[in-house]
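Report on the following structure.
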Amino acid sequence: MQRSIFKGLRFRLALSYTLFFAILLTGFGFVLRGMLSGVMETTVQGLLDEEWAACKGFLRSNGKGVLEWNYDPNDKEETAIVERLRLIYMIADDKGEVLESSELYREMGFQSPAAISQVLSDGKPSYTFHPNLRGQVFMVRQGTLSEHGHKYFVGLGRNFTPSLRVIDEFSLDYFLALPFIILTAAFLGWLLARRAMQPVTEVAAQVAQVSGSNLSLRVPIRGSRDELDHMIANFNGMVARLEDSFHQIRQFSTDVSHELRTPITVVRGQLEVALMTAKSEAELRDAIESALIDIDRLSQIVRALLNLAKAEGGQLNLQKQDLDLVPLIRGVVSELEIPAIDRQVQLRHILPRSASISADRIQIERLLYNLIDNGIKYTRPAGYVEVVVTIHQETETIQLEIRDNGNGIAPEHLPHLFDRFYRVPGLENGAEKGLGLGLSFVSWIVKAHNGEIQVSSELGVGTSFRVTFPLITASQKNQNDYGNQRESTGRYSNIGS
Amino acid sequence: MRILVVEDEKRIADFLGRGLESAGYAVDIAPDGQTALDLVHATDYDLITLDMMLPDVDGLRVLEKIRNRKSNPPVLILSARGAVEDRVKGLEFGADDYLTKPFAFVELLARVRVLLRRGQPTPEKLIVGELSLDCIRRKVTRSGDNIELAPKEFSILEYLMRNKGRPLSRTMIVEHVWDMDYDGLTNIVDVYIRHLRSKIDDRYPSKLIHTVRGVGYMLELPEGRSE
């Protein structure tokens, strides 16, 4: 797969990192600028407040109600202070008439009488900015001075231009430097993103090596216990499950081809040899009849395989209904009575009055046939096969046990008993050789009915198959009845094994 | 010639026995590994056909035990397992040939014939009628004329001449000359045989290379003439 660099996670990571950084730094610049002008304003305000306090000390109303600067002209220091105070100032009376002002204040213009009376009525000092014609900006403190019942407006100004220049210079420097900072951040982000994506790239390369032929390959866990490790573990689990099914399928096809080879060899060889050697029509007829038997067996294998594949592939619809095992077992046992007598095997059963489970009758019948028939086949003459059903109320289960006192199965074969095509070596002889599919079908039937199957066996003592099904409780019974009415049109297939 | 057939599937053993007997061999049948080993102990066989899946002992174990004995008859494995690794394993354990089930009986017969003549000393010069092949100098002449052959053509002719009078299947020729499993490509043999015939037979009145229906090819002097 061709990966575009602009669509890759790395690019997106680096891009979002850079964008985030750019927004953050720009915002930060504005905040910084705001803070700086705030500090500047507070500083100048503080200075103006100090000047105001000094003003109050020097401004006095004389007897005629006129404000005067009250200081000692001989005191150099006092004179300097008052001149400093009178550099940028104006004084107006409560009607807005300007009483006194300085040159610099006049340049930026006086406050309107309305603004003056507003300040006077507020009683609180306020600060405003006033530009003059030369492009300078002054901060003006507008305050009220009460003297002998008269209110006066006093405006004190201070040049704010140097402060503004500092703020502007800072802003310019900052925003000029910003693109470079962001570029550096983008570059670092790109490198960081690569670092972050490095393990992903490595894992992707290792994952790419896993294919159908080397499913045993696992991506090594990095040991960092992070999300990636979690993903690798899950991925490995997935590959393991795939490997398992691959193995099963491969084993199955090997088994199938092997199962089919023998009857085909027989058919082909018999016919060929008969053609070469037969001297009479009867001999040819024998060969053809024998070939037909093998072809029957071949189609039997194919049919059983197809059914098993259908069942395991989930294409078989079960028609579950309330099913009483007791009459069903009686029926199967009586049908198998004849082969049992043939082999001098006694068929017995120990059954409760009734034992209901929710099950597909045909499949359960098939299960019973398989297990009981197996028991008859592998039991010596004068032996017995016993079918026992017990109800366990405490676990809400029904246990169906089919046991014989036959040859038994060696422990090494027990785990494979339910595998397809598994036949216990030496147990069967030629003509009666089964297909090795019966028990795998039985195990599928049990699973499809939410049951469990166990087998125990001892050589020379006998074998016991125990199947456990969930018992139907009274409340389930009603539900099942309803369900059956609706599903009664469901289809099912016959399974021969 | 006595052949032991080791085969647990009764009906396969049956037709093998009948077929081989009709081809003129004496046949004993062993249905399992132990019987086979007992029979090998008691009798000197000229050839053994061995099934790999036996009810009691694994075919490879039987093969091993046969190989450990003094008399060492050729063993032909007949197995339902046809994977390459199974073949290699069988041959590594000392089998002389390997045939996968299902097989054509004529193929089996052809292989049996070739295996049976193995072990006899091979002359440096093979002569059939007026055709002679020098294995050392790799020269072929017919009635004194030099015949130029490509290496593969030479190998096929040598194989045919060594097994003079025995039909060889196409698969056998492919396996022998190309040293590999050439499944499905056996008509390559027909192409080479056509070339060989044009060089060896076409200009001469008596034809030596014969087609055997259902099997393959055979090199033989025409009827009525003796060597």
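Mind checking the mean number of beta-carbon atoms from other chains within 10 Å of the Cβ atoms in A:268-280?
Numbers: counts 6, 14, 7, 2, 10, 12, 3, 3, 8, 6, 2, 1, 0.
If you average over the peptide's residues, the count of other-chain Cβ atoms is 6.
Placing +1 at every Lys and Arg Cβ and -1 at every Asp and Glu Cβ, with all other atoms neutral, what dipole size does chain A have around its Cα centre, in debye to the nearest 20?
Working: 51 positive and 58 negative charges, 170 e Å.
Charge dipole of chain A: 820 debye, to the nearest 20.
Let me check I've understood the local charge: for residue A:290, count other residues with C-beta under 13 angstrom from its C-beta, Lys and Arg +1, Asp and Glu -1. What total comes out?
On the way: positive: A:268, A:285, A:297, B:10, B:11, B:18; negative: A:272, A:283, A:286, A:289, A:294, A:296, B:9, B:14.
Around residue A:290, the surrounding residues sum to -2.
Rounded to whole Å, give me the distance from the Cα center of segment A:47-119 to that of segment B:110-169.
Here the two parts' Cα centres lie 137 Å apart.
Exceeding 29 Å between C-alpha atoms, which entries from my cross-link table qualify? They are A:447/B:101; A:377/B:10; A:447/B:89. Could you put the intermediate results ahead of the total?
Details: A:447/B:101 36 Å; A:377/B:10 20 Å; A:447/B:89 39 Å.
Too far apart for the 29 Å limit: A:447/B:101; A:447/B:89.
Would you please give the residues with an amide H less than 5 Å from that of residue A:138, counting only those at least 5 places away or on a separate chain, with H modeled from the backbone geometry?
A:130, A:132, A:160
Search the structure for amide H atoms under 5 Å from the amide H of residue A:397, placed 1.01 Å from N in the peptide plane, and list their residues when 5 or more places away or on another chain.
Here A:392, A:471 satisfy the definition.
Once the dipole of the protein assembly as shown is set up with Lys and Arg at +1 and Asp and Glu at -1 on Cβ about the Cα centre, which of A:305, B:98, A:282 lies farthest towards its positive end?
So the residue furthest toward the plus end is A:282.
Contour minus end-to-end for residue A:334 and residue A:222, with contour as 0.36 nm per residue of separation and end-to-end as the Cα-Cα distance?
Extra length available between residue A:334 and residue A:222 comes to 33.9 nm.
Share of antiparallel DSSP beta bridges in the protein assembly as shown, in percent to the nearest 5?
Details: 71 of 93 bridges.
Taking every DSSP beta bridge within the protein assembly as shown, about 75 percent pair in antiparallel fashion.
Sorting A:459, B:160, A:48, A:145 on the 10 Å Cβ count, fewest up front, what's the list? Can you show the working numbers first?
On the way: A:459 11, B:160 26, A:48 20, A:145 17.
Ascending Cβ contact count within 10 Å gives the list A:459, A:145, A:48, B:160.
Top mean-square fluctuation among B:99, B:126, B:115, Gaussian network model of chain B, C-alpha springs under 10 Å?
Among B:99, B:126, B:115, the largest mean-square fluctuation in the Gaussian network model of chain B belongs to B:126.
Take B:130, B:148 and order them by how many other Cβ atoms sit within 10 Å, fewest up front. The partial results should precede the final answer.
Working: B:130 14, B:148 9.
Result, fewest neighbours first: B:148, B:130.
Taking θ = phi - 60°, what integer Hz values does the Karplus form 6.51 cos²θ - 1.76 cosθ + 1.60 yield along segment B:134-144, in sequence order, with x for Gly and Pro?
Using θ = phi - 60°, the values come out as 9, 5, 7, 7, 6, 10, 10, 10, 9, 6, x Hz.
Can you tell me the dipole magnitude for segment A:344-409 around its Cα centre, using point charges on the Cβ only (Lys, Arg +1; Asp, Glu -1), in Debye to the nearest 20?
Working: 7 positive and 8 negative charges, 56 e Å.
With Lys and Arg at +1 and Asp and Glu at -1, about 260 debye.
I need A:154, A:31 ordered by Cβ neighbour count within 10 Å, fewest first. Mind showing how you got there, number by number?
On the way: A:154 22, A:31 10.
Ordered by Cβ neighbours within 10 Å, fewest first: A:31, A:154.
With θ taken as phi - 60° and the coefficients 6.51, -1.76 and 1.60, list the Karplus ³J(HN,Hα) couplings across segment B:166-173 in order, rounded to whole Hz; mark glycine and proline as x.
Using θ = phi - 60°, the values come out as 10, x, 10, 6, 4, 4, 4, 5 Hz.
If you plug each phi of segment B:3-14 into the Karplus form 6.51 cos²θ - 1.76 cosθ + 1.60 with θ = phi - 60°, what whole-Hz ³J(HN,Hα) values come out, in order, with x for Gly and Pro?
10, 9, 9, 9, 7, 8, 6, 4, 6, 5, 4, 4
Take every Cα pair under 8 Å in segment A:9-165 that's 6+ residues apart, average their separations, divide by the length, and report that relative contact order as a whole percent.
Details: 202 pairs, mean separation 30.8, N = 157.
It rounds to 20 percent for segment A:9-165.
Where a ≥ b ≥ c are the square roots of the eigenvalues of the C-alpha gyration tensor, would you call segment A:37-108 rounded, which needs a/c under 1.5, or, failing that, prolate if a/b is larger than b/c, or oblate?
Numbers: a/c = 1.86, a/b = 1.27, b/c = 1.46.
It is oblate, given that a/c is not under 1.5 and a/b is not larger than b/c.
Mind checking the mean number of beta-carbon atoms from other chains within 10 Å of the Cβ atoms in B:6-19?
Values: counts 0, 1, 2, 6, 4, 13, 6, 3, 5, 14, 3, 1, 9, 8.
Going residue by residue through B:6-19 and averaging, the value is 5.
For chain A, what does the relative contact order come out to in percent, with C-alpha contacts under 8 Å and a separation of six or more? Before the final figure, lay out the partial values.
Values: 639 pairs, mean separation 50.5, N = 497.
10 percent.
Report the local net charge at residue A:111: Lys and Arg +1, Asp and Glu -1, summed over other residues whose C-beta lies under 15 Å from its C-beta.
Working: positive: A:95, A:106, A:141, A:151; negative: A:93, A:94, A:97, A:100, A:107, A:122.
Surrounding charge for residue A:111 is -2.
Quick one: which residues, 5 or more positions from residue B:47 or on another chain, have an amide H under 5 Å from its amide H? H modelled 1.01 Å from N in the peptide plane, none for Pro or chain starts.
B:2, B:4
Name the residue, out of B:39, B:63, B:47, whose mean-square fluctuation peaks in a Gaussian network model built on chain B with Cα pairs under 10 Å.
Evaluated over chain B, the most mobile residue of the options is B:39.
Which order do the peptides A:93-99, A:359-365 take when ranked by the mean count of other beta-carbon atoms within 10 Å per residue, highest first?
Numbers: A:93-99: 14.4, A:359-365: 20.1.
Final packing ranking: A:359-365, A:93-99.
Is the C-alpha gyration tensor of segment B:2-117 telling us rounded, prolate or oblate? Criteria: a/c under 1.5 is rounded; beyond that, a/b larger than b/c is prolate, otherwise oblate.
Values: a/c = 1.24, a/b = 1.05, b/c = 1.18.
Rounded, since a/c falls under 1.5.
Residues with beta-carbon under 15 Å from that of residue A:217, excluding residue A:217: net charge, scoring Lys, Arg +1 and Asp, Glu -1?
Details: positive: A:218, A:241; negative: A:202, A:243, A:244.
Net charge around residue A:217: -1.
Just how large is the dipole of segment B:125-219 about the Cα centre, in debye to the nearest 20, putting +1 at every Lys and Arg Cβ and -1 at every Asp and Glu Cβ? List each step's numbers first, then the result.
On the way: 16 positive and 13 negative charges, 70 e Å.
Approximately 340 debye in magnitude.
On a full-extension model of 0.36 nm per residue, what is the gain between residue A:380 and residue A:169, subtracting their alpha-carbon distance, rounded to one decimal in nm?
On the way: separation 211, 0.36 × 211 = 75.96 nm, distance 10.88 nm.
Stretched fully, the residue A:380-residue A:169 segment lengthens by 65.1 nm.
Tell me the mean residue ellipticity at 222 nm calculated for the protein assembly as shown from its helices only (DSSP H runs of n ≥ 4, each -39500 (n - 2.57), averaged over every residue, nearest 500).
Numbers: 20 runs with 355 residues, N = 724.
Result for the protein assembly as shown: -16500 deg cm²/dmol, rounded to the nearest 500.
Which trypsin sites (Lys or Arg not before Pro) does segment B:82-148 hold that lie in a coil by DSSP with at most 16 other beta carbons within 10 Å?
Working: sites: B:87, B:89, B:111, B:113, B:117, B:118, B:125, B:137, B:138, B:139, B:142; in loops: B:118, B:137, B:138.
Hits after loop and neighbour filter: B:118, B:137, B:138.
Throughout, read-outs are computed from the coordinates displayed, never taken from laboratory work. Keep in mind it's a predicted model, so treat the numbers as computed, not measured. Heads up, the Cβs are rebuilt from the backbone with ideal geometry, glycines too, and the neighbour counts pull from every protein chain shown.
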